[in-house]
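Step one of this worksheet: look at the structure below.
The values are calculated or read from the model by the stated rules, or taken from the named source; none is laboratory data. The model shown is predicted, which means the values in this text are computed figures rather than measured ones. Neighbour counts are summed over all protein chains in view; Cβ atoms, including those assigned to glycine, are modelled from backbone coordinates with ideal geometry. Just the protein is used for accessible areas: all its heavy atoms, side chains included, with ligands, DNA and RNA removed. Shrake-Rupley method; radii C 1.70, N 1.55, O 1.52, S 1.80 Å.
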Amino acid sequence: LVGCETAEYLAEKGKKVTITRRGAALATKMSPVLRAMQIDRLAAAGVRMLPGVKYQRATDKGLVVVDSQSKEELLEADTIVVAAGSQPNNALSRTMEGKAPQTHLIGDCVEARGILEAVADGARAGMAI
């Protein structure tokens, strides 16, 4: 999902974008309706989508991949963005320990998830205060 969102953002800024993934499909952790909308926006923005590739190497000319038919291809690029997932970061909450009467962790500092989960966390925190 982060890769798709980043690809869409870069394409909107006028960049030529190719998005790749080792898995067979893109944006698999989205609901089917939102996923279809995301894929449609990428296609409309001219993003080339290459799921099911194997990464061979990065070179000074771009990224070399092997597609599902075992064909090697150089994806010419001046920049390669790696979207390899996220990890929670709750360092700020640890610095607040003992300095505030209570703290509530919400969003990605709990676990890398989507906006809906973050909003639900915030709602629960608000009700608890």
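The number of residues in the range 1-39 being assigned to a loop (DSSP other than H, G, I, E, B), touching a Pro at 6+ places or on another chain (Cβ under 8 Å) and touching a residue at least 40 places away in the same chain (Cβ under 8 Å) comes to 0. Does S86 satisfy being within 30 Å of L105 (Cα to Cα), part of a loop (DSSP other than H, G, I, E, B) and of a type in the set (G, A, S)? Yes.
Within the range 75-97, the set of residues being closer than 19 Å to T20 by Cβ, open to solvent by less than 70 Å² (accessible area, probe 1.4 Å) and in contact with a Leu (Cβ under 8 Å, 6 or more places away or on another chain) comprises L75, A77. Against the test of being of a type in the set (V, I, T) and more than 17 Å from the chain's Cα centre (by Cα), the options T59, T28, T79, T6 yield a single qualifying residue, T59. Scanning the range 98-118 for residues that are more than 16 Å from M30 (Cα to Cα) and part of a helix (DSSP H, G or I), we see that the one that is least open to solvent (accessible area, probe 1.4 Å) is G107.
Any idea which residue in the range 113-129 is nearest to L10 (Cα to Cα), counting only those that are out of contact with any helix residue (DSSP H, G or I) (no Cβ under 9 Å at 6 or more places or on another chain) and at pLDDT below 90? Within the range 113-129, the match that is nearest to L10 (Cα to Cα) is G114. Scan the range 50-57 and tell me whether some residue there is exposed (fewer than 10 other Cβ atoms within 10 Å of the Cβ), in a strand (DSSP E or B) and at pLDDT 95 or above. Checked the range 50-57: at least one residue is exposed (fewer than 10 other Cβ atoms within 10 Å of the Cβ), in a strand (DSSP E or B) and at pLDDT 95 or above. Tell me, please, whether a residue that is touching a Leu at 6+ places or on another chain (Cβ under 8 Å), under 21 Å from E5 (Cα atoms) and without any contact (Cβ under 8 Å) to a residue 60 or more places away in the chain can be found in the range 105-112. For the range 105-112, residues touching a Leu at 6+ places or on another chain (Cβ under 8 Å), under 21 Å from E5 (Cα atoms) and without any contact (Cβ under 8 Å) to a residue 60 or more places away in the chain: present.
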